[in-house]
Each structure stands twice: as C-alpha cells, then as structure tokens.
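Participant: First the structure, then my questions, so here it is.
The values are calculated or read from the model by the stated rules, or taken from the named source; none is laboratory data. Not measured: the values here are computed from a predicted model. Here the Cβ positions follow ideal geometry from the backbone for every residue, glycine too, while neighbour counts run over all protein chains shown.
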Amino acid sequence: MGLQVVRSLGSNENENMVKSKRSSTGPRRALRVVSSSEVNKQVRSLSTKEAQLKTELIKTDGVSTVDEYDDETEDDMVLEDEEVKQHQQNSTDAEDEEDEGFQVLEEKVEPMSPRWDASIEAELTAVVRKFFREDPDPRDEDTWDVSMVAEYGPEIFNYMRDLEIKYAPYSHYVPDIQSEITWENRATLMNWIVQVHARFNLLPETLFLAVNLIDRFLSKRAISLSRFQLCGAIALFIAAKYEEINCPSVQQMAYMVSNDYTIEELLKAERFMINELKFEMGYPGPMSFLRRTSKADDYDSETRTLAKYFLEITIMDPRFVASPPSWLAAGAHYLARKMLHHGKWTEEHVFYSGYSEAQLRPLADVLIDNCIDYKNNHKAIFDKYSERRFKRSAIFVQEYLRESLQY
C-alpha cells in the first residue's frame, strides 16, 4: 500500500524527515569516497598504446572511425545467427589473430539501482501525504503558467516512472548478447558521441535519448565491432530528429563517419534501427526528472548546471546502463547540493524527486569516484564542462575534491 500511494501521487521531497548522518559543513564526511570499483581498475590498467588509440578515435575534426568500415549494407550491421555461433566456436588463438588485442571482459558488471525497503517506502509515503494536493497550489507560480500544466504534473511523472522501466536496456548485454563489443568499446563510442553532440550544439535530451537507443538496440541485436560507430551515429541522428527543432542533416552525419557510407546506406541503417526498436522513442530521459527535482530549489541554475555534469558522467559507466533516469537525476541533484553547501536533502526534495537520501548516497559516492578518475573515466565530458558556458563545473568539482578529500 505504501509504495502504491507514492507511485500514484507522484515524486517529491522532504525537509527534516531525512536525518543526515554527515555534516553539511564537513565535505569529507558528507561525501564518503568508495574504493575504486572493478570497472575503474580496468580503465586504469589500460596500456598507453590503447589509451592513445582511444584518444585518436574520438577526434571530431578528422572523425576517425572505431574500425575500418567496408562497403557492406545495413543488413551486415547484424551478425547472422550462424556467424555468431561460428564466432563463439573459434579458438582463443584464432580470435586473438583476428581482433589483435581485442579482448572481451569475462566478468559481468554489477548494475546499480536504488535500494527499496519498508522504511524507505514508509518515509516516502509520509512525505507524499504531507505535500500532495488534489488541486494545484494557488501560491505556486507554476500554477499560473499554462505551459507547466501543474494540474497534470503528478500523473505525468507517474507515467514517466512507468516508461523508464519499459525502456530500460538489458544491463548485461555485454557479454551475453554482444560477442565482439566490450564496455571499453562502449566508453570510447560515448566519448565520440559527446563530442559530436557538442559540435552540433544539441540539447541534453538528445544525448540521453541517443545513449538509450544505442543500449536498447545492442540489447536486441548482436553487431560487429566494425559497425559499432555506425550504430552510434544513427542513434544520435534519430534522437536529434526526435528532440531537436533543427537537427543535423544526413550529409553531416555521413561526414562525421568519414563518408564511409553512402546516404542511402545511412538511411537504410536508420530504418533498420527504428524497426528493431519498434518505433518506441518515448524514453523519459533524466533531464525531465532533474527539472522536476529542481522545483524544490526554486529552479536554481547553479545547482542544475552542476547536476547536469554529474548526469552526463553516468553515460560512461556501464553500471548505470539500466539504472532509472529518475534515480540518476535525483542523485546528481543531491551531490550538486552537497558540493555547493546548499543544505540537507529536505522533505520537499524527497517529494519532487521520489527518492530519500539513503537511496542517493551510494550513487553520489560512485559519482565522486568517477570524478576523481576523470582523465580515464570521462575526459571528453570534463573538457566540455570546463567551458565558461557550463560555469566551469568540472573544474569546480576538481577543486572541491582536492580541498575536501586532499587527493
């Protein structure tokens, strides 16, 4: 009953119900750093040669490809069942000769998701009962803003919470489905997509939708490594059409993959991906949930900009492939408030986000760990958020961590 009430009435925040065990004035205690994860250990263990190769692959000026592309059509984007079986039966020596240094990680990445128990459900239920109103609050400015449709807010976000489950990718598609692609390959592709996305000056929603389309497609069909960048380019192209007013042309996308494909081949690949995903593009990205949570801070731009940096970091970490975007948005907002010393996670924050502090603390710890290792974890995103237009959020985070954690 408790959980049902929370879901039916919407997400929101709490004021003093969540008792913080960490002092807001003591950043070192408030932001406990977890030990390095297995994924980060693997990243740090990359050889210098592989790291240099990765850097070369994500340049957008010359836009190199992840692998040498051939003139195959989009039908070859998918490995046929017989080819997959044959590939799996190859000996280890033969695979090493074919893929040269290419190695599939045998251990699966442990996905992250919010913790739920009776105490958390009781807390959220109490907060919802305290703040929920059948009719919009006349003292709230959003009530008089027609574009905010305040009277439908709770129902809209309840529906979005259902959609985030429906459109979640399979968290173990590497290596269960993809025999050639590793999580390291995915990180390289994400770095490239972040740079292409920034070059076209696209919306944040476009980036998160593109990442979701890639992960959902790879959860359904096995592809070869040589077609991996094509998959990413097409996903970004589709996402831009869905979210943008002015989106890149197919000619521009062809240039971004070094014109290794004709316009017709790109359009065929686009049709193939859309059909494979059954035309379902309504993924509720984390930006909508972030704006909802920001209502508790009166839409403070400084907090939200810093939170957007933390949100983009999540696309690089395979542990967050299937994580609910509402949880990622709440965790990013929670960490941004902590670093900016904006106080505790209040009941209002719990109401508008739908998550308690106990559910967000583990996520914040992992984000901090990724920020410490930004050079290996998300260099392209760090460079992007070091710019003035993003308030140099990435630089602020590094200065904060050096001062508070003394690393």
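Participant: Applying the selection to region 159-174, what residues are buried (at least 17 other Cβ atoms within 10 Å of the Cβ) and in a helix (DSSP H, G or I)?
Facilitator: Passing the criteria: M160, R161, E164, Y173, V174.
Participant: Follow-up. Go over the candidates K166, K108 one by one and state the one that is charged (D, E, K, R), modelled with pLDDT of 95 or more and under 30 Å from S219 (Cβ atoms).
Facilitator: Within the list K166, K108, the selection yields K166.
Participant: Where in region 257-335 are there helices (runs of 4 or more DSSP H), lying wholly inside it, with at least 2 residues that are touching a residue at least 60 places away in the same chain (Cβ under 8 Å) and under 16 Å from the mean Cα position of the chain (by Cα)?
Facilitator: 286-294, 301-313
Participant: Would you mind finding the one in R361, R388 that is surrounded by 19 or more Cβ atoms within 10 Å (Cβ to Cβ) and charged (D, E, K, R)?
Facilitator: Answer to the selection: R361.
Participant: Another question, then. For region 310-352, which residues satisfy the criterion of being in contact with a strand residue (DSSP E or B) (Cβ under 8 Å, 6 or more places away or on another chain), surrounded by fewer than 24 Cβ atoms within 10 Å (Cβ to Cβ) and not polar (S, T, N, Q)?
Facilitator: E347, E348
Participant: Next up: Give me the helices (runs of 4 or more DSSP H) completely within region 350-407, filtered to those with at least 1 residues that are acidic (D, E), ordered by residue number.
Facilitator: It comes to 357-372, 379-384, 393-405.
Participant: Moving on to the next point. Within the group L209, L266, which residue is crowded, with 18+ Cβ neighbours inside 10 Å and closer than 28 Å to R161 by Cβ?
Facilitator: L209
Participant: Pull up region 390-407, narrow it to residues that are free of Cβ contacts under 8 Å to residues at least 24 places away in the same chain and within 21 Å of the chain's Cα centre (by Cα), then point me to the one that is nearest to W183 (Cα to Cα).
Facilitator: Here the answer is I395.
Participant: Related question: Tell me which of these Q178 doesn't satisfy, since it passes every other one: (1) touching a residue at least 24 places away in the same chain (Cβ under 8 Å); (2) surrounded by fewer than 20 Cβ atoms within 10 Å (Cβ to Cβ); (3) assigned to a loop (DSSP other than H, G, I, E, B).
Facilitator: (2)
Participant: Report, by residue number, each residue of region 268-318 that is basic (K, R) and farther than 22 Å from F157 by Cα.
Facilitator: K268, R271, K278
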